[in-house]
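Have a look at the structure below before the remarks.
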Amino acid sequence: MNLKNYIRSIPDYPKKGILFRDITTLIKDKNAFAETINQIVERSKKYNFTKIAAIESRGFVFASAVSYILKKPFIMLRKKNKLPAEVHTIDFELEYGTATIEVHKDSFDKNDSVLIIDDLIATGGTAEAAAELVKISKGKVAAFIFVINLFDLNGSENLIKKGYKIENLINFPGH
């Protein structure tokens, strides 16, 4: 199954010049969604990890299913002011603005190795922020798995240069 065929491309969203890769068309197809989860599970087997983390919000869709299948704890990396207990906070740059993500301070410890799952990597700013949240929480990043890699925006390449292991299911140009 070619998962690329299930991704809708929307020009000029969320702002002019951005070609948005929409996963809603993939997740509404039961076979394409199942195949995506199966591919993430299969690729995750090459890494040793104790927890799965995902970036709000579309990363939650994939990571929660993978967490269930692999019977691993699932940690949510949330947007600012969405978590009720004490948090670690990271501000970062996006391709089209700035953002903040947070994690509960008690989510990871020094023995945790974390697989981070998200729907898409563009410039890598969100992924780097996620890795920093894991690190300041005393965990380490085992690897990243992205459903979509916008290869010409160099996010995966930048993470690899920083020593991270990366898996991408689908490659698209970003523009």
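Here are some notes:
- Average Cα contact separation per residue, the range 87-175, under 8 Å, 6 or more apart, as relative contact order %: 27 percent
- For Lys165, the lysines whose Cα falls under 23 Å of its own Cα, not counting residues fewer than eight places away in the same chain, are Lys4, Lys45, Lys46, Lys51, Lys71, Lys72, Lys110, Lys135, Lys138, Lys140.
- Shape category assigned to the chain from the gyration tensor of Cα positions, a/c cut at 1.5: oblate
- Per-residue Cβ neighbour counts within 10 Å put Leu94, Leu26 in the sequence Leu94, Leu26, beginning with the fewest.
- Long-range HN-HN contacts of Asn168 with modeled amide H, under 5 Å: Phe146
- Here the gap between Lys30 and Tyr13, fully extended at 0.36 nm per residue and compared with their Cα-Cα distance, gives a gain of 3.6 nm.
- Residues Ile37, Ile121, Ile18 in ascending order of nearby Cβ atoms (within 10 Å, fewest first): Ile18, Ile37, Ile121.
Quick note: the coordinates plus some simple rules give every number you see, no bench work behind them. This is a predicted model, so every value here is computed, not measured. Note that we place each Cβ from the backbone using ideal geometry, even for glycine, and neighbour counts take in every protein chain shown.
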